[in-house]
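What follows is a short report on a single structure.
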Amino acid sequence: IAKKNGIIDAAQRVFNRNGYFGTTIAEIAKEANLSVGSVYSYFEDKKDILLACLSKFGDALTEEICAEINTFSGDGDLISTAKRSVEALMKSEQGQTKLYHDEIESLRYRDKDVYNHFEKVRKSLMTAITNAISAHGYYFPHQREQTYLLFHLADATEDELTFGDSSEVDH
């Protein structure tokens, strides 16, 4: 498990430096201080490593965001909870280069497995948002649709604040 996690961490660093498409298994192996054969003993290919990276960091992000959303039930301050949630999203992408981010975003729409990963994260976060709002006694007509909009608004705001160069949003 330690070697596998080491490969995932090394891959994340190399993907950040070179982008996903500009990274080779040999570079990941070198970063992890392992042979290429050792990497292949844990992962089928580069995409398999990427999915492991997305899963590891996506699970951690989901856990952090869900914990933040659940504070809403305690303090009832929706605005502060939303700000803290966007800040947690931004924090999760600190250290991620724009190149790597943009390549992952393109894969999100071109690769079924990457898309499914992002859908899993989205569904988990939308469930957490809906549950926190409901637990506090709020009811919205078309709750699923409104939660969907809230999620995508927060995600788009975070992307713009972290990677955007628009003058429309105060960075």
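Using alpha carbons only, the radius of gyration of the stretch 107-163 set against its Kirkwood radius gives Rg/Rh = 1.05. Choose one answer from Gln12, Gln143, Gln96: the residue with the largest mean-square fluctuation in a GNM of the chain with alpha-carbon springs under 10 Å. Result for the chain, Cα springs under 10 Å: Gln143 fluctuates most.
Listed here are the pairs Lys83/Lys112; Lys3/Lys30; Lys46/Lys112; Lys56/Lys112; Lys56/Lys120; which of them are more than 21 Å apart at the Cα? Before the final figure, lay out the partial values.
Values: Lys83/Lys112 31 Å; Lys3/Lys30 13 Å; Lys46/Lys112 15 Å; Lys56/Lys112 18 Å; Lys56/Lys120 13 Å.
Going by Cα-Cα distance, Lys83/Lys112 fall outside the 21 Å limit.
The modelled label-to-label distance for the pair Lys112/Phe163, using points 7 Å beyond Cα in the direction of Cβ, is 2.4 nm.
The GNM of the chain, with springs linking C-alpha atoms under 10 angstrom apart, assigns the highest mean-square fluctuation among Gly58, Gly19, Gly95 to Gly95.
Please work out the C-alpha center-to-center distance from the stretch 29-46 to the stretch 107-166 and express it in whole Å. Here the two parts' Cα centres lie 34 Å apart. Quotient of the Cα radius of gyration of the chain and 2.2 N^0.38 Å, N being its number of residues: 1.15. Using θ = phi - 60° and the Karplus form 6.51 cos²θ - 1.76 cosθ + 1.60, what ³J(HN,Hα) does each residue of the stretch 123-133 get, whole Hz, x for Gly and Pro? Once rounded to whole Hz, the list reads 5, 5, 5, 5, 5, 5, 4, 4, 5, 5, 5.
A short reminder: the numbers here are calculations on the coordinates, not readings from a lab. Being a predicted model, the structure only gives us computed values, none of them experimental. With ideal geometry, Cβ positions are generated from the backbone for all residues, glycine too; neighbour counts draw on all protein chains shown.
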